[in-house]
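What follows is a short report on a single structure.
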Amino acid sequence: MRRLADAIYPRICPGCGEASDRDDRHICWACFAQIELFTESMCEVCGRFVTGGVRHQFVCSACRAFKPAFDRARSAGHFSGFLRDRLHAFKYNGALWLKDDLVDLLEGCLRASFEIGPIDVVVPIPLHTIKMRERNYNQAALLAEGLAARIGRRYDGRSVKRVVQTETQTHLHAAERRENMRGAFAVVRPEWIRQRTVLLVDDVMTTGSTLDACARALKKAGARQVWAVTVARGIR
């Protein structure tokens, strides 16, 4: 039935405007190949990319100066060009039909960088209730739920709440972002978190301050480990 529907109403790639040649997906293979993926030269903790083709394990200067609460974070690709445009459409313009394409990137990043076995629960970065009313959906929750289904793990969108409506972080630097996010999250169901390995999911990571603040709340609630994965990584 789906193949018949695709034949009658083909999925149009948002990049090139042609019918997609990827089964059950909107982004075609040619446009998907435009996405610049992270494959090497990454900080062991935050996944920050560095130039120069570093082959050995290392921890970046930012993580040495301020150790994040998460144990490891990774991002699928650079927050630029084609991927940035798709994420903006998904996050701000209701292009929810891109979810499976973006979860493909999350799943690939997760399987390349982590062991699936230890993960107990998949948790999205929550939105504040005011922001949720404005947007009507949480893009991180949609991604986390899709990823949890792919890897056969429990999705939990209720245990962590955003209790402070923070100001936009677009023009803030790392230290300002950390201060802005201080105390922004609370675990309201610690019994679902305690002694578990939690996988945090968000759409974009920049300095990691949002993931760090959420991971701190999870660690305070007794989480054994907190890992994080995002679709894209911007650098500031």
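The values are calculated or read from the model by the stated rules, or taken from the named source; none is laboratory data. Keep in mind the model is a prediction, meaning the values are calculated, not measured. All Cβ positions, even for glycine, are placed from backbone atoms using ideal geometry, and neighbour counts span all protein chains on display.
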*Could you check R2 against (1) farther than 20 Å from V231 by Cα; (2) at pLDDT 85 or above and say which number it fails?*
(2)
_Whichever residue in segment 148-169 is touching a helix residue (DSSP H, G or I) at 6+ places or on another chain (Cβ under 8 Å) and hydroxyl-bearing (S, T, Y) and, among such residues, is nearest to T129 (Cα to Cα)_ = T166
*Here is a list of conditions, (1) of a type outside the set (D, E); (2) under 26 Å from C43 (Cα atoms); (3) in contact with a Lys or Arg (Cβ under 8 Å, 6 or more places away or on another chain), and P118 meets all of them except one; can you say which number that is?*
(3)
_Out of G208, G222, sole residue that is small (G, A, S), assigned by TED's automatic domain parsing to the domain that holds A141 and closer than 21 Å to S113 by Cα_ = G208
